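Colleague: Dumping the structure here so I can ask a few things about it.
The values are calculated or read from the model by the stated rules, or taken from the named source; none is laboratory data. The structure displayed is predicted, hence computed values, not measured ones. Using ideal geometry, Cβ is built from the backbone for each residue, glycine included, and neighbour counts are taken over all protein chains shown.
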Amino acid sequence: MELAGDTLGYAFIVLGILLFVLETINPGFLLAVPATVLLVIGLLLLVAPDIVNSWLALPIVLGVGLVTFYFTLQFYQSLAPPDTPPTGSLKLHIGKEAKVTRAVVAGTIEGKIRLGTEVFRANSITDIPEGSLVRVTGADGIHLIVELTE
């Protein structure tokens with residue numbers, strides 16, 4: 001039994017549209033990427049319906065599908081880049097105030113600060129005595145960079 005390329009093309013397009021409709025009901029771009037791939041492959045099959053019965057069908061459809069998948073994923077990721085650092089990142093603490101629990105010596109990570117209930121190693125460009133209030137200005141690896149608050 002030979003498949004009609006245009007029929008298969010229409011089926012892929014309808015399935016792609018159905019996935020886009022489901023995406024509007026439950027947003028998150030989980031269905032938008034395969035929907036876009038199905039639409040592109042469906043359009044390819046409408047433009048070149050004889051490709052379905054060719055030995056080149058599988059490599060062409062896989063190639064077009066993978067390229068479409070890659071660029072669609074890149075496009076959707078560019079629409080909503082992450083605006084906050086990962087939750088495990090020390091950069092989340094930038095701007096917060098903390099108390100020095102061990103004197104911070106400039107250029108070393110000997111100092112420690114208490115930020116909320118956690119204690120972190122700290123560095124600064126100036127020496128800061130124990131008990132001082134500091135503001136976190138950056139993060140470098142596993143320690144925080146601080147400055148004395150006025």
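Colleague: Pick out the one residue from 12, 20, 69, 29 that is at positive phi and surrounded by 14 or more Cβ atoms within 10 Å (Cβ to Cβ). Walk me through how you get there before you give the answer.
Modeller: Numbers: 12 fails: at positive phi; 20 fails: at positive phi; 69 fails: at positive phi.
One residue alone meets the criteria, 29.
Colleague: Based on this model, can you work out whether residue 80 counts as over 19 Å from the mean Cα position of the chain (by Cα) and among the hydrophobic types (A, V, I, L, M, F, W, C)? First the steps, then the outcome.
Modeller: On the way: over 19 Å from the mean Cα position of the chain (by Cα): no; among the hydrophobic types (A, V, I, L, M, F, W, C): yes.
Considered against the rule, which asks whether it is over 19 Å from the mean Cα position of the chain (by Cα) and among the hydrophobic types (A, V, I, L, M, F, W, C), residue 80 comes out as no.
Colleague: Let me ask you something else. Every residue in the range 97-128 that is within 15 Å of residue 150 (Cβ to Cβ) and not in a strand (DSSP E or B), please.
Modeller: Selection gives 124, 126.
Colleague: Output the residue which, of all residues in the range 99-109 that are free of Cβ contacts under 8 Å to residues at least 24 places away in the same chain and surrounded by 13 or more Cβ atoms within 10 Å (Cβ to Cβ), is nearest to residue 142 (Cα to Cα). Steps first, please.
Modeller: Narrowing the range 99-109 to residues free of Cβ contacts under 8 Å to residues at least 24 places away in the same chain: 105-108.
Restricting the remaining residues to those that are surrounded by 13 or more Cβ atoms within 10 Å (Cβ to Cβ) gives 105, 108.
On the way: 105: 17, 108: 13 Å.
Only one residue tops the list, namely 108.
Colleague: Another one. Among the listed residues 41, 60, 109, 113, which satisfies the condition of being at pLDDT 85 or above and either of a type in the set (Lys, Arg) or not assigned by TED's automatic domain parsing to the domain that holds residue 14 (or both)? If you could, list the steps in order and put the result at the bottom.
Modeller: On the way: 41 fails: either of a type in the set (Lys, Arg) or not assigned by TED's automatic domain parsing to the domain that holds residue 14 (or both); 60 fails: either of a type in the set (Lys, Arg) or not assigned by TED's automatic domain parsing to the domain that holds residue 14 (or both); 109 fails: at pLDDT 85 or above.
None of the others qualify; the one that does is 113.
Colleague: Is at least one residue of the range 43-54 in a helix (DSSP H, G or I), of a type in the set (Gly, Ala, Ser) and free of Cβ contacts under 8 Å to residues at least 60 places away in the same chain?
Modeller: The initial filter retains those residues of the range 43-54 that are in a helix (DSSP H, G or I), namely 43-47, 49-53.
Okay, now just the ones that are also of a type in the set (Gly, Ala, Ser), so none.
The answer is no, given that none of the residues of the range 43-54 is in a helix (DSSP H, G or I), of a type in the set (Gly, Ala, Ser) and free of Cβ contacts under 8 Å to residues at least 60 places away in the same chain.
Colleague: Are any residues in the range 74-91 at pLDDT below 85, part of a helix (DSSP H, G or I) and surrounded by 10 or more Cβ atoms within 10 Å (Cβ to Cβ), and if so, which ones? Quick ask: steps written out before the conclusion?
Modeller: Filtering the range 74-91 for residues at pLDDT below 85 gives 76-91.
Going one step further and asking which of them are part of a helix (DSSP H, G or I), we end up with 76-79, 90-91.
Of everything in the range 74-91, those that are at pLDDT below 85, part of a helix (DSSP H, G or I) and surrounded by 10 or more Cβ atoms within 10 Å (Cβ to Cβ) turn out to be 76, 77, 90, 91.
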